[in-house]
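Notes follow once the structure below has been shown.
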Amino acid sequence: MDALARNARSTLGSFIVDCRGTLLGFDHALEQLTGWPALDVVGRHKELSLAAARSRSGAPAIEPIALYDGSIPMGSTPGSLELTLRCRDGRQLDVETLVRPLNGPGDRMLVTVLRMLSRSPLRETAFGDRGRDPLTGLCDRRSFAARITADFAAASSAARPLSLILLDVDHLRSVNDREGRSAGDAVLRELSDILRAASDDEERIARLGDDDFAILLPDGGRGDARQVAATLRLEIERHCFLGDGSASRVTATLGTASFPGDADDARELLARASDALAEARTLGRNRVWCYVRRSRVPVQVPVYFDGTDSTLLGYMRDLSPSGLFLQTTAGIDVGMRCALTFPLPGHEGRVHVVGRVVRTVTPDLSDAGADARIPGVGIEFERFGGSGDRYAIDSFLHGKERLSRRPETRQSV
């Protein structure tokens, strides 16, 4: 078992399941491995979870539709288990997993994929034709406008997140003045290749202007946008454009915004991302700035895993339209998506959400002072149980903010 625990440090993905087969968590690595968006899986039974996703995604019919074959044994002792996972594109993956109980009350098992044993062939897919920018080959402004409108409508109807990243090349004019317009064009082409490498869908990358670019992240929450934007900023800063040398260094400034936390329609999403980009320019460029519509409000209520059996997970410390901080000792890693439910003062019943863990906090045992950190996880909302749940959160925060008169805040990376 010690060997399995050591192997778990390098894994292919993880998910959380309860005793009745309800999927409570699904991390980004497993999304990449199987192709199934976590938002279509979390909170649903493993035998039924892929039916709705298959119909929305247009994937071919796959029978059976279970995420995995067999059952997960419940118990207090970790153990190894071979499973067959079923992917979105029709593949079957035979994998070796480590199964262990999750900390805290209730029967919940964390299943970690350790290694691939075998896989069936991958089916080919094709992209549709779109208007292209002649210099970079990316989507042009007009085709991107149609894309963001369609993606927002799909995200809104399916209650799934959508993020937008806007990128501005810093001081491209100085490159043109110093080395000529052809050198500036070469920079833009190389930058386009960096953007392509960071995305698995070229149809959602666009050149909007001379040095302005946009990236759409379907099913991506604020945490995903922040991570992608921060990675892009660093890759661009490190890249040697036009050959090696100080004159070849180029930087970029990026702004992000996300639905549902920041915007109610496609036009507002673009405006919020533009606001974040403008703020980043004001602060000195070569940075990422994430728009946040309102500040967090302190609230102390219990939070539960929203499965077949609601199990107490911990206590909320604060709440915003886009997420919460959960005080808990449960071992939930960054990237895991969880189905949660919690009460709100003044709201009848519980609010239901699916959120992604974007940070974890462990207490600093060396610090015995009053400011010692509280153990827990930061979770960003990616799907609401219904329009009533989102309205309940907005109404609660609006009342709290009107009393406290807190100013609007934004976050920097």
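A short reminder: the numbers here are calculations on the coordinates, not readings from a lab. The structure displayed is predicted, hence computed values, not measured ones. In this analysis, Cβ positions are derived from the backbone assuming ideal geometry, glycine residues included, and neighbour counts consider all displayed protein chains.
Summing +1 for each Lys or Arg and -1 for each Asp or Glu, what net charge is found among the other residues whose Cβ lies under 10 Å from the Cβ of LEU102? Around LEU102, the surrounding residues sum to 0. Remark: the LEU81-TYR391 segment gains 107.3 nm on full extension, using 0.36 nm per residue and subtracting the alpha carbon distance. Using the average count of surrounding beta-carbon atoms within 10 Å as a protection proxy, the listed peptides 378-384, 226-232, 209-215 rank, highest first, as 378-384, 226-232, 209-215. Backbone geometry of the range 148-160 corresponds, through the Karplus equation with coefficients 6.51, -1.76 and 1.60 at θ = phi - 60°, to 3J(HN,Hα) couplings of 5, 5, 5, 5, 5, 4, 5, 5, 5, 5, 9, 6, 10 Hz, x marking Gly and Pro.
Remark on the range 141-290: ratio of C-alpha radius of gyration to 2.2 N^0.38 Å is 1.03. Across the range 73-79, rounded Karplus estimates of 3J(HN,Hα) from the backbone phi angles (6.51 cos²θ - 1.76 cosθ + 1.60, θ = phi - 60°) give x, 9, x, 9, 10, x, x Hz, Gly and Pro being marked x.
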